[in-house]
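The values are calculated or read from the model by the stated rules, or taken from the named source; none is laboratory data. Only a predicted model underlies this, so the values are computations on that prediction, with no experimental measurement involved. All Cβ positions, even for glycine, are placed from backbone atoms using ideal geometry, and neighbour counts span all protein chains on display.
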Amino acid sequence: MGKPRRAPTAEDVARLAGVSRTTVSLVLNGVVGVRIPEETRRRVREAAARLGYRPHAAARHLVRGRAEVIALVLRQTPDQVFADAFLPEVLRGLSRVLRKAGFHLLIFPLSPDHPPEETVALLQERRVDGLILSGPRFEDREWLARWSQETPVVLLGRLSDTPIPSVDVDNVQAAAEAVRHLIRLGHRRIGLITNAPLSYTASYERWLGYRQALEEAGLPYEEAWVAFGAFTPASGAAAMEQLLRLPHPPTAVFVASDVVAFGALQAIRRRGLRIPQDIAIVGFDDVPLSAYVDPPLTTVHLPAEELGLHAGHLLLRWIEEGRPPTQEIRLATGLIIRQSCGAGGGA
């Protein structure tokens, strides 16, 4: 049996390309700010491809001065993260960007009762190159401001009065349009089940949109018609039960999360009520399953994969350029009409 074939080295690539080993390292590790003729770069890449050479990860990290690791911090408990049907689509977009750039992704659930400082310390130990925070809370401003002075940060969501770059949708207008749709269908007693407590910025903005639509139509805002979800179907079922116990329950409910709405649909059926004949439902997010529940859920479409893509691009720009992009990206939403609202939309 012959000896195993020796793996190609940087020296082999340098010899074949007719350049120094340092030039090979600079080209193949993607070091920026170094003037190397394009013809030389081409010869190095062709030599590496011909030999089947790939830079060692540890060496690449040392040359670039970074770990090539991004942390995605989710402001939820682990149970809430597992119930989040919206997250996989965001991860699809984010992973596409990071994988192409050679970065790895770490996911950290950060529940509201967990001190952010402990997670920050853990991330510093891991030497992450950047952080994406999904689902910010108003109280996150302080620790994010400190963290972003040392490490690139991008928000998936909105946090006012902070210079941190962010990617989001206009939650206020999207929620208002969902409620306007119910008003156009003739409903006057319209309830709200939030996606999360109002300490979350997205939840607060969707609550604002609900109120805005009622005010525009001259309809009263009744605190009794507002119940609070917490990311999961179980929280949606409990919130809907609360509304159905009212002496005069709403005839329609805007649920500010499809996942929470799935629980609300179950609670309505348990009461022997029909959807949408007895109570109409509109959700928010347009997760893939929303088109397949019974009845198919009318909902606000959020471009989940695009949110992940843009967040990844913004963060990598900051890492590569060494300065934060002063940019807020707001993506478009749209109302997807299906059967749960009673408007007779297609599935």
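Key figures for this structure:
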{"quantity": "Residue among Leu297, Leu246 that is at pLDDT 95 or above and surrounded by fewer than 16 Cβ atoms within 10 Å (Cβ to Cβ)", "calculated": "Leu246"}
{"quantity": "Ala178 among the small types (Gly, Ala, Ser), over 22 Å from the mean Cα position of the chain (by Cα) and assigned to a helix (DSSP H, G or I)", "calculated": "no"}
{"quantity": "Answer residue from the stretch 316-347, given it is in a helix (DSSP H, G or I) and either modelled with pLDDT under 95 or of a type in the set (Phe, Trp, Tyr) (or both) and is nearest to Arg92 (Cα to Cα) among those", "calculated": "Leu316"}
{"quantity": "Test set (1) among the aliphatic types (A, V, I, L, M); (2) modelled with pLDDT under 80; (3) part of a helix (DSSP H, G or I); (4) surrounded by 14 or more Cβ atoms within 10 Å (Cβ to Cβ) - Leu62 fails condition number", "calculated": "(4)"}
{"quantity": "Only one of Arg126, Arg41, Arg96 that is farther than 21 Å from Ala256 by Cβ, charged (D, E, K, R) and at pLDDT below 85", "calculated": "Arg126"}
{"quantity": "Gln80 vs. criteria at pLDDT 90 or above, of a type in the set (S, T, N, Q) and not in a helix (DSSP H, G or I)", "calculated": "no"}
{"quantity": "Number of positions in the stretch 166-180 that are under 20 Å from Leu315 (Cβ atoms) and touching an Asp or Glu at 6+ places or on another chain (Cβ under 7 Å)", "calculated": "1"}
{"quantity": "Only listed residue being surrounded by 19 or more Cβ atoms within 10 Å (Cβ to Cβ) and within 14 Å of Ile281 (Cα to Cα), chosen from Ala237, Ala174", "calculated": "Ala237"}
{"quantity": "Flag for Gln277 being assigned to a helix (DSSP H, G or I), over 26 Å from the mean Cα position of the chain (by Cα), at pLDDT 95 or above and among the polar types (S, T, N, Q)", "calculated": "no"}
